[in-house]
Amino acid sequence: MFKFLKEVVAGSGSGLKDFPYTIGEPYASAWGSWTHHRGTSKDDGSPVSIFSLSGSNPQDRHLVAGRNGVKRLRTVRHPNILSFLHSTEAEVPDGPAMKHTIYIVTEPVTPLSEKLKELNLGGTQRDEYFAWGLHQISKAVSFLNNDCKLVHGNVCVTSVVVTQTLDWKLHAFDVLSEFDANNEASNSPMLQFEWLVGTQYKPMELTKSDWVSIRKSPPWAIDSWGLGCLIYELFSGAKLTRTEDLRNTASIPKSLLPDYQRLLSSAPSRRMNPSKLIDNSEFFQNKLVETIQFMEVLNLKDSVEKDSFFRKLPNIAEQLPREIVLKKLLPVLASALEFGSAAAPALVVLLKMGSWLPADQFSAKVLPTIVKLFASNDRAIRVSLLQHIDQFGESLTAQTVDEQVFPHVATGFSDTSAFLRELTLKSMLVLAPKVDEEPAIRTNTTILLGNIANYMNDGTRKRVLINAFTVRALRDTFPPARAAGIMALSVTSSYYEMTEIATRILPNVVVLTFDPDSDVRTKAFQATDQFLQIAKQHHEKLTMGDNSAAEATGIQLKPGNAGLLGWAMSSLTQKGKGSDHGPVSSANASDSQISATSSVTSDNRSSTVAYAPSTSSSLDQTAPASARSSVDGWGEVENDNTQEENGSDKEGWDDVDPFDEKPPPSLLSNIQAAQKRPVVQPKQPVSNSSRLNQPKVPKPEEDPLWGSIAAPAPKNASKSSDIKPSTSHNDDDDLWGSIAAPPPKSAGKPLKPPPAANSDDLWGAIAAPPPSTKARPLASSGRGRGTKPAQPKLGAQRIGRTSSTGM
């Protein structure tokens, strides 16, 4: 028998010479006579735990019991029982003598007592964690008693260890024996090694060695008593020294106290089954236990339950102990995402939990799962990855991006979803520097992002543009990349609020006014002047009290600046691939400045933006004048159809110079001057309808006949005409009086209306026919000021109303 057990123990090794693990420092506590060591694998350096038990000779009774524990641990497998990896027995020199030692290698674990000191939990968080641990140990004991018909015999704090994910596991199987219920009358010991159990942990029947009573009791009677001892040691914080101490229930939670008392019942047959403790106890109903249990059976949940759970999980995670979230929930969540049982919202939770980790642990525990998710066919997962790529993109290595990430991301360019294509394009800002370290790629990425800014929604622009241009482009080591960042800020200035301009843009741009590169300095001064002008306009609007207008801090840019970023091709061509920090020659700087200036002053020049070439040959050549519209490796961004439809919009790059306002047309100047001349006429109250229905100013080329007399309505309705109105007229009916009463033949001489007392109505002679010029209606051009006037009423109708009123 001894030979068989020795072969079982030493079956996976033949002594320390071939022992594939390195034994490290021991922990302060362990169960029984065992010593618990830290250890590592010699193959891959992974951590393990190594338990050792020594005796003076092979027949030492502790070694015999230890061999029983090794055999049981190898054959009993359960998620809440310590995982066995390796074992061996060897003779180890101890001074002049030799000691026989058994080694058991398991997954890396820590004694429960030491882990609780390390966590140092208190209050509700401590009770929730204890509930989760007791839940796991109860499941392990229930498995042994109810499923395997085995009796552990010594459940206590020292027989429990904690894994790296903070799970509790049961070990110390030296006393473990089958429950012999077939021979109830036998008085022979059922537990061969019960002498290893401390007296304080033994129930009354075991203390008396009443094996007949034990055999008549249920299989869980002894281990239920042990669970009661474990609960006492947990909540009292002290090791049990006397059986009588179990009566002290002051530290036991009230929700657990009834079950605690049933576990320690003096009658073995009345002790609670561990399986019922799990199902019925109110103590186990808390957020931590429910959250972990839900995640463990995630595959059995439907999509609605999953979606609801993951949307609530971020708030729940904030309330749980941080270390438990990071060491327990995070690995479970990562595994669920990796194997497809978690929905897309789980990725947001994963990234939030991952943000609580140090950078090195984030790269080790979270990044591998994220990288694998890029190969997912789930569009919701892909969208979520691209939406949050800024949170983990910096942690990705260039090799990982090139080999595992970019090939999958690139498929998004041809995806049928427009939103996914947009996200794929924006993700290049993060991935492009890692895919290719070519500085021209970084430069063209900035130019491309500026070109597509007008196609983004407001939320995306606020989140992407400033970060891309100030944090990345302006701090790039490649001078053209910095210059591209400045120009991109200039051409997208209308999208920024005044607060962003003052606190984020100007401070970053002003720093570049003493940049080593002259071209960067020049553009920095231009951008500084532009944004200062915006600030001045904002100040003037606030001073004038136009608060609503001041809120819109962006300014409309002139189409004449459409070719502002055309500098990119010639600038990069002339600079070449020299040192990133090297200054640019004055000749090159002047050429670049001339190129940019010419593109600004020409209103009719094409707005096509040329991108920096990524090949060394093109950088060594001088770009011709047409280089701004040439196609390189990045291709043209503009859409011909869009350009034709938008006219002078030119992809949003042409409205840069907001300072030169066009002078008003000469006709409009004459009209405004005429309005300022004093006109002597009596004041007359004007109704709202007459004020609102003022005629609009026609274009002179569209209506040359009426252009000389149909001036726009002045602000004061009483000065709208040189004709003195009749005192008997109703203003609501006087629709023609506010414009030109006389027909074109007498346009130069205003007519005096006759007195109202005259029965011969002179209006019939002058107002009956409409103008014979067949000119367009005054409001048809849509270019005048005021609202569209109502359809004028003819003179014949006026005669009927006037005569009836006068009579």
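The values are calculated or read from the model by the stated rules, or taken from the named source; none is laboratory data. On a predicted model such as this, the values are computed, not experimentally measured, just so you know. All Cβ positions, glycine included, derive from the backbone under ideal geometry; neighbour counts span all protein chains shown. Heads up: the accessible areas ignore ligands, DNA and RNA and are worked out on the full protein's heavy atoms, side chains in. Shrake-Rupley method; radii C 1.70, N 1.55, O 1.52, S 1.80 Å.
Consider the range 27-74. How many of its residues are β-branched (Val, Ile, Thr), crowded, with 21+ Cβ neighbours inside 10 Å and free of Cβ contacts under 8 Å to residues at least 60 places away in the same chain?
Within the range 27-74, residues that are β-branched (Val, Ile, Thr), crowded, with 21+ Cβ neighbours inside 10 Å and free of Cβ contacts under 8 Å to residues at least 60 places away in the same chain number 1.
One line per residue, one yes/no per condition, for (1) assigned to a helix (DSSP H, G or I); (2) of a type outside the set (Ser, Thr, Tyr); (3) closer than 17 Å to Leu134 by Cα; (4) in contact (Cβ under 8 Å) with a residue 40 or more places away in the chain:
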residue: Gly226; (1), (2), (3), (4): yes, yes, yes, yes
residue: Cys229; (1), (2), (3), (4): yes, yes, yes, yes
residue: Leu234; (1), (2), (3), (4): yes, yes, yes, yes
residue: Asp279; (1), (2), (3), (4): yes, yes, yes, no
residue: Thr291; (1), (2), (3), (4): yes, no, yes, no
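Against the condition under 26 Å from Thr492 (Cα atoms), among the small types (Gly, Ala, Ser) and out of contact with any Pro (no Cβ under 6 Å at 6 or more places or on another chain), how does Ser414 come out, does it pass? I'd like the intermediate steps shown before the answer.
Numbers: under 26 Å from Thr492 (Cα atoms): no; among the small types (Gly, Ala, Ser): yes; out of contact with any Pro (no Cβ under 6 Å at 6 or more places or on another chain): yes.
Criteria not met by Ser414.
Would you check which residues across the range 350-376 are touching a residue at least 24 places away in the same chain (Cβ under 8 Å), aliphatic (A, V, I, L, M) and within 20 Å of Leu166 (Cα to Cα) and list them?
Passing the criteria: Met353, Leu357, Val366.
Checking the conditions here, which among Thr106, Thr110, Thr101, Thr165 is in contact with a Pro (Cβ under 7 Å, 6 or more places away or on another chain), open to solvent by less than 50 Å² (accessible area, probe 1.4 Å) and either free of Cβ contacts under 8 Å to residues at least 12 places away in the same chain or within 21 Å of Ile50 (Cα to Cα) (or both)? Show your work before the answer.
Numbers: Thr106 fails: in contact with a Pro (Cβ under 7 Å, 6 or more places away or on another chain); Thr110 fails: in contact with a Pro (Cβ under 7 Å, 6 or more places away or on another chain); Thr101 fails: in contact with a Pro (Cβ under 7 Å, 6 or more places away or on another chain).
Selected residue: Thr165, the only one of Thr106, Thr110, Thr101, Thr165 that is in contact with a Pro (Cβ under 7 Å, 6 or more places away or on another chain), open to solvent by less than 50 Å² (accessible area, probe 1.4 Å) and either free of Cβ contacts under 8 Å to residues at least 12 places away in the same chain or within 21 Å of Ile50 (Cα to Cα) (or both).
Output the residues belonging to the range 309-334 that are farther than 18 Å from Val162 by Cβ and open to solvent by 50 Å² or more (accessible area, probe 1.4 Å). Spell out how you get there, then give the answer.
Step one: filter the range 309-334 for residues farther than 18 Å from Val162 by Cβ, giving 309-319, 333-334.
Passing the criteria: Arg311, Lys312, Asn315, Glu318, Gln319.
Could you figure out which of (1) buried (at least 19 other Cβ atoms within 10 Å of the Cβ); (2) under 27 Å from Asp279 (Cβ atoms); (3) of a type in the set (A, V, I, L, M) isn't true of Val197?
Only one criterion in (1) buried (at least 19 other Cβ atoms within 10 Å of the Cβ); (2) under 27 Å from Asp279 (Cβ atoms); (3) of a type in the set (A, V, I, L, M) is unmet by Val197, namely (2).
Filter the range 440-459 down to the residues that are modelled with pLDDT of 80 or more, open to solvent by less than 30 Å² (accessible area, probe 1.4 Å) and part of a helix (DSSP H, G or I) and list them by number.
Ala440, Thr443, Asn444, Thr445, Thr446, Ile447, Leu448, Leu449, Gly450, Asn451, Ala453
Just checking, does the range 377-387 include any residue being hydrophobic (A, V, I, L, M, F, W, C), within 17 Å of the chain's Cα centre (by Cα), closer than 19 Å to Gln164 by Cα and open to solvent by less than 10 Å² (accessible area, probe 1.4 Å)? Write out each step before concluding.
Step one: list which residues in the range 377-387 are hydrophobic (A, V, I, L, M, F, W, C), which gives 380-381, 383, 385-386.
Next cut, within 17 Å of the chain's Cα centre (by Cα) only: 380-381, 383, 385-386.
Filter once more, so that each one left must be closer than 19 Å to Gln164 by Cα: none.
Checked the range 377-387: no residue is hydrophobic (A, V, I, L, M, F, W, C), within 17 Å of the chain's Cα centre (by Cα), closer than 19 Å to Gln164 by Cα and open to solvent by less than 10 Å² (accessible area, probe 1.4 Å).
Any residue at all in the range 74-81 that's part of a helix (DSSP H, G or I) and within 26 Å of Thr163 (Cβ to Cβ)? Walk me through how you get there before you give the answer.
At the first step, the residues of the range 74-81 found to be part of a helix (DSSP H, G or I) are 74-75.
Narrowing the set further to residues that are within 26 Å of Thr163 (Cβ to Cβ) leaves 74-75.
Within the range 74-81, one or more residues are part of a helix (DSSP H, G or I) and within 26 Å of Thr163 (Cβ to Cβ).
So which residues in the range 120-159 are open to solvent by 20 Å² or more (accessible area, probe 1.4 Å) and aliphatic (A, V, I, L, M), if there are any at all?
Matches in the range 120-159: Leu121, Val157.
Being surrounded by 21 or more Cβ atoms within 10 Å (Cβ to Cβ) and assigned to a loop (DSSP other than H, G, I, E, B): is that true of Leu191 here?
In short, yes.
If I ask for residues that are touching a Ser or Thr at 6+ places or on another chain (Cβ under 9 Å) and part of a helix (DSSP H, G or I), which ones from the range 320-329 would you list?
First pass over the range 320-329, keeping only residues touching a Ser or Thr at 6+ places or on another chain (Cβ under 9 Å): 320, 327-329.
Lys327, Lys328, Leu329, listed by residue number.
Taking the range 193-240 on its own, how many of its residues are of a type in the set (Ser, Thr, Tyr) and under 53 Å from the mean Cα position of the chain (by Cα)? Break it down stepwise before answering.
Going through the range 193-240, the residues of a type in the set (Ser, Thr, Tyr) turn out to be 199, 201, 207, 209, 213, 217, 224, 232, 236.
Those left that are additionally under 53 Å from the mean Cα position of the chain (by Cα): 201, 224, 232, 236.
Total meeting the criteria: 4.
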